[in-house]
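Working notes, structure below.
The values are calculated or read from the model by the stated rules, or taken from the named source; none is laboratory data. Everything quoted here is computed from the prediction, not taken from an experiment. All Cβ positions, glycine included, derive from the backbone under ideal geometry; neighbour counts span all protein chains shown.
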C-alpha cells in the first residue's frame, strides 16, 4: 500500500533523536497540516523564544481529532478538512466510562 504522504528520508531523523516510525510521522504531519488552517489558534498556543514552537498538547488534540475521523472511514485529507477550529479549542471529553480507582 502506497504511503499517503510524501516524505524525504531525512525527515526520520530531523531532530537528531530517535527514528520516528512512519505512522507517528504521518500523524504529526497531518496534525500540522490541520493546524496550518488555523493560524490564530496556533498563534495563541505558541511558546519558547517568541513563538518558535507549537504547544505539543495542541498537536496531540489535532492528531486525535484526525484519527477519530479516519477510524470512521474518512481519508486523511477528508479528516483534516472536516475539523473545525472550535473543536480544537474545546475538545469533547471521552464518553467511555472511566474506572473508579477509589474502590
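Just the residues that are closer than 18 Å to residue 42 by Cα, at pLDDT 90 or above and part of a loop (DSSP other than H, G, I, E, B), please, taken from segment 62-93. I'd like the intermediate steps shown before the answer.
Here is the first cut: in segment 62-93, the residues closer than 18 Å to residue 42 by Cα are 62-66, 80-91.
Going one step further and asking which of them are at pLDDT 90 or above, we end up with 62-66, 80-88.
Passing the criteria: 83, 84.
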Assess whether residue 96 counts as being in a helix (DSSP H, G or I) and modelled with pLDDT under 90.
no
Given the structure, is residue 29 farther than 17 Å from residue 84 by Cα and modelled with pLDDT of 90 or more?
yes
Pick from segment 1-21, criterion in a helix (DSSP H, G or I) and either surrounded by 13 or more Cβ atoms within 10 Å (Cβ to Cβ) or in contact with a strand residue (DSSP E or B) (Cβ under 7 Å, 6 or more places away or on another chain) (or both), ranking: modelled with the highest pLDDT:
11
Is segment 53-61 home to any residue that is closer than 15 Å to residue 91 by Cα, at pLDDT 90 or above and surrounded by fewer than 17 Cβ atoms within 10 Å (Cβ to Cβ)?
yes
Selection count, segment 22-43, where residues are within 13 Å of the chain's Cα centre (by Cα) and part of a helix (DSSP H, G or I)
15
